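The values are calculated or read from the model by the stated rules, or taken from the named source; none is laboratory data. Treat the numbers as computed from the prediction; the structure is a model and nothing was measured. Positions of Cβ are generated from backbone atoms using ideal geometry, with glycine treated the same way; all protein chains shown enter the neighbour counts. When the accessible area is computed, the model is the full protein with side chains, heavy atoms only, and any ligands, DNA or RNA have been set aside. Shrake-Rupley method; radii C 1.70, N 1.55, O 1.52, S 1.80 Å.
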Amino acid sequence: MNVVEKRLLREVADLHDMPAGAYNIRKDGQGVGRQNTENIEIKTKTDKPGIDIIIKPGTKGESVHIPVIITESGIEDMVYNNFDIGEGSEVLIVAGCGIHNSGSKKSQHDGIHHFIIRKGARVHYVEKHYGEGEGAGERVLNPKTIIEVEEGAYAEFELVQLKGVDSTRRSTEAKIHKNGHLLITERLLTHKKQYAESDMVVELLGEDSTTQIISRSVAQDDSQQVFYPRVIGMNKCRGHVQCDAIIMDRAVVRAIPEIAAHHTDAQLVHEAAIGKIAGEQIIKLMSMGLTEQVAEETILQGFLK
Amino acid sequence: MLELQNITYLGEDNTPILKEVNLVLEDKKFYVITGPNGGGKSTLAKLIMGIYQPSSGKILMDGEDITELSVTQRALRGIGFAFQQPPRFKGITVGQLLQLSNKAEIYGELCNYLLDVGLCPKDYMNREVNTSLSGGELKRIEIATLLSRKLKIALFDEPEAGIDLWSFSRLIDTFRNIHSRNGQTTVIISHQEKILELADEVILIADGQIQQKGEKDKLLASILQGCDCSMDCLERTGEADECR
Ligand SMILES: Nc1ncnc2c1ncn2[C@@H]1O[C@H](COP(=O)(O)OP(=O)(O)O)[C@@H](O)[C@H]1O
Ligand SMILES: [Mg+2]
């Protein structure tokens, strides 16, 4: 693997070497490495591009890394990945896409991820987006994530995109069954002329299903962000949506949270706030000896942590 | 030594908030600034820290004119300020804030400054400085960030506000200890008798001016006896709290 590829893998999957557990690495539209374990099987789809990831019931403490990297200009990649997370298992899944585009053509990766998190399973899913390269070619990522959280299952989805991606349209749809829980944390930083849109719908179907959506974003320069988090309560359930954005320069941020209750015992809350960095915060850090610029970076870093 | 020469500060609409203030703060002395709300105490502290720029006048530190220096530059010269209303920081922990304030000391040592303000480090080092902290907790953390630094001049703006009685007596000890330990000039803006008693000198500010400055024994008697803020009191009917 060359330096660029290694860096992309490090950025999107924290990989410094080949991972210990199961993995599948996709580069420029082709699979370039795979490892299965006794409990985790990764299979290439036969009808369309993509993989099936099957985690046996009761699998504990294992991880799956499925990074995608694009190093050539002009690649348009589209994959369908299915995750079947067996009953009672506990796993960490690290996905993510890194694009290095030094050419003039658009490079794009659209992933459709379909998760079934079976009864009592616990999954932590991390998806990082990263882009780099000096070329004029656009770096585009449009992920679609469909999540089914079965009875008593717990899912934590961490979606991160800090700089480098010119355009992203993220769509997330989730259905939560009895006693199921879904936590989505989204962290986003856009700059220059980047555009990011995140559309989420979480349906709380089962009794005592819960969800929490936490979105933290920073919009710099001339970038634009749009958030549509929606929670629909169909049963006795709890849902909390929190959108928090720091706006800078000439950026535009829109947050349109929606909560809809179809049951008298649905407890749904949404909060949305957009504002610049408080002057007081910068002054406080400056009064501790930080320069204005370092103070600002410190505040943003904390906010997006 | 810090010297304010003819400092005037005009607020919005050019209303004078501080008028022709002259003040000398000597090295290693303990000062308490007191006076009615709106008198200009916080404004004075912010002018010293460089958060506000005076409309006219000069600020000298050890003979050097620091009037044009930024907040950062003044911080690096050893001026520190604990805000009356400290800001909160989403995602930044108490431990990180202490570390930003004192880069030299190792993380583990920083815990001690929390003990100094009556907070258990185990409970607080990893907490975020966000809205989950109460006003009193936030104030104490603010004080701790100042205690952790080696300062020439430490300014505290109403540190006692929102702090319960038990912690308050502990805080008094801390202020006494830290003052002698660090050999710094301490300036506390306060209305509390117990804090006034710590002072070498008390400065009374009202109506944008220094009304009195002197040794605490002489001043305390007159301050505690009667209210010098006739303007403030006349506007009210009956017994105002400040005028007991
Ligand atoms: N930036 C400002 N612009 C205009 N007026 C201000 C500003 N800051 C403070 N003031 C006013 O100046 C006066 C003094 O305020 P302050 O220094 O906070 O008083 P103190 O700390 O003694 O209570 C008050 O009347 C306050 O409303
Ligand atoms: Mg004040």
message = If you restrict to DSSP beta bridges whose two residues both lie in the protein assembly as shown, what percentage is antiparallel, to the nearest 5?
response = 15
message = Stokes-Einstein diffusion coefficient for chain A at 20 °C in a medium of 1.002 mPa s, Rh from the Kirkwood formula over Cα pairs: what value in µm²/s?
response = 107
Region A:1-123 shape via C-alpha gyration tensor axes, a/c threshold 1.5 = prolate
key: Beta bridges by DSSP in chain B, antiparallel share as percent, to the nearest 5   = 55
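What percentage of the solvent-accessible surface of chain B, computed with a 1.4 Å probe over protein heavy atoms, is contributed by carbon and sulfur atoms? Mind showing how you got there, number by number?
Details: 5350 of 11310 Å².
Summing carbon and sulfur atoms, their accessible area is 47 percent of the total for chain B.
Could you list the GluC sites (Glu not before Pro) in region A:36-118 that lie in coil according to DSSP, counting only those with at most 10 other Cβ atoms within 10 Å of their Cβ?
A:GLU38
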ask   = So how far, in whole Å, is the C-alpha centre of region B:14-70 from the one of region A:233-305?
value = 35
note = Of all stretches in chain B that avoid GluC sites (Glu not before Pro) placed in a DSSP loop and having at most 14 other Cβ atoms within 10 Å, the longest is B:69-196
task = Using a 1.4 Å probe over the heavy atoms of the protein chains, calculate the carbon and sulfur portion of the accessible area of chain A as a whole percent.
result = 46
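Within a Cβ distance under 15 Å of A:GLY289, other residues only, what is the Lys/Arg minus Asp/Glu net charge?
Around A:GLY289, the charge tally is +3.
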key: For B:CYS111, solvent-accessible area (1.4 Å; no DNA, RNA or ligand), Å²   = 30
note = On protein heavy atoms with a 1.4 Å probe, the accessible surface that disappears when B meets A, both sides summed and given to 100 Å², is 1800
query = How much area per residue is accessible in region B:1-96 when the probe is 1.4 Å and only protein heavy atoms are counted (Å²)?
reply = 42
ask   = Shape of region B:55-142 from its Cα gyration tensor (a ≥ b ≥ c, root eigenvalues): rounded if a/c is under 1.5, otherwise prolate when a/b > b/c, or oblate?
value = prolate
ask   = At a 1.4 Å probe, which residues in region A:253-282 are at least 10 Å² less accessible with all protein chains present than in their chain isolated?
value = A:GLU280, A:GLN281
request  = Report ³J(HN,Hα) in whole Hz for each residue of region A:262-279, in order, from the Karplus equation J = 6.51 cos²θ - 1.76 cosθ + 1.60 where θ = phi - 60°; Gly and Pro get x.
outcome  = 10, 8, 5, 9, 7, 10, 10, 9, 10, 10, 9, 9, 10, x, 7, 5, 5, x
request  = State, to one decimal in nm, how far the label point of B:ILE172 lies from the label point of A:THR264, with both points 7 Å from Cα in the Cβ direction.
outcome  = 5.7
request  = Within 10 Å of each Cβ in peptide A:290-297, how many partner chain Cβ atoms are there on average? Round it to a whole number, please.
outcome  = 3
request  = Determine, from the Cβ-Cβ distance of A:GLU156 and B:LEU115 and an R0 of 25 Å, the FRET efficiency 1/(1 + (r/R0)^6), rounded to the nearest 0.05.
outcome  = 0.10
remark   = Quick note, region B:1-133: a/c under 1.5 would make it rounded; otherwise a/b > b/c is prolate and the rest oblate (a ≥ b ≥ c, C-alpha gyration tensor); here it is prolate
request  = Please identify which residues in region B:39-59 have an amide N closer than 17 Å to a label point set 7 Å out from the Cα of B:GLU12, following the Cα→Cβ vector.
outcome  = B:43, B:52-53
inquiry  = Suppose we keep just the DSSP beta bridges with both residues in region A:38-177; what percent of those would be antiparallel, to 5?
reply    = 10
Chain B: most fluctuating residue of B:LEU146, B:LEU100, B:LEU110 per GNM, C-alpha cutoff 10 Å = B:LEU100
request  = Please give every one of the lysines within straight-line cross-link reach of A:LYS105, meaning a C-alpha to C-alpha distance under 24 Å, and leave out same-chain neighbours fewer than 8 residues apart.
outcome  = A:LYS6, A:LYS27, A:LYS128, A:LYS144, A:LYS163, A:LYS192, A:LYS193
note = So the pair-distance distribution of the protein assembly as shown, from every Cα-Cα distance in 20 Å bins, comes to percents of 19, 40, 28, 13, 0
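Are there any GluC sites (Glu not before Pro) in region A:168-262 that are in a DSSP loop and have at most 16 other Cβ atoms within 10 Å? List them by number.
A:GLU207
Within 10 Å of each Cβ in B:47-59, how many Cβ atoms from other chains are there, averaged over the peptide?
Values: counts 0, 0, 3, 3, 6, 0, 0, 0, 0, 0, 0, 0, 0.
Average per residue, whole number: 1.
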ask   = Amide H of A:TYR154: which non-local residues (sequence gap of 5 or more, or other chain) have their own amide H closer than 5 Å, using H built in the peptide plane?
value = A:ALA121, A:ARG122, A:VAL123, A:HIS181
inquiry  = Quick check: pseudo-label points 7 Å beyond the Cα along Cα→Cβ at A:ILE146 and A:ILE116, how many nm apart are they?
reply    = 1.2
query = Within 10 Å of each Cβ of B:141-147, how many other protein chain Cβ atoms are there on average?
reply = 1
query = For the residue pair A:VAL226 and A:ASP14, what label-to-label distance in nm results when each label sits 7 Å from Cα along the Cα-to-beta-carbon direction?
reply = 3.3
Buried on assembly, region B:66-97 (at least 30 Å² less accessible surface than by itself, 1.4 Å probe) = B:VAL71, B:THR72, B:PHE83, B:PRO87, B:PHE89, B:LYS90, B:GLY91, B:ILE92
query = For the protein assembly as shown, what is the mean residue ellipticity at 222 nm derived from helices alone (per DSSP H run of n ≥ 4: -39500 (n - 2.57); sum divided by total residues; nearest 500 deg cm²/dmol)?
reply = -6000 deg cm²/dmol
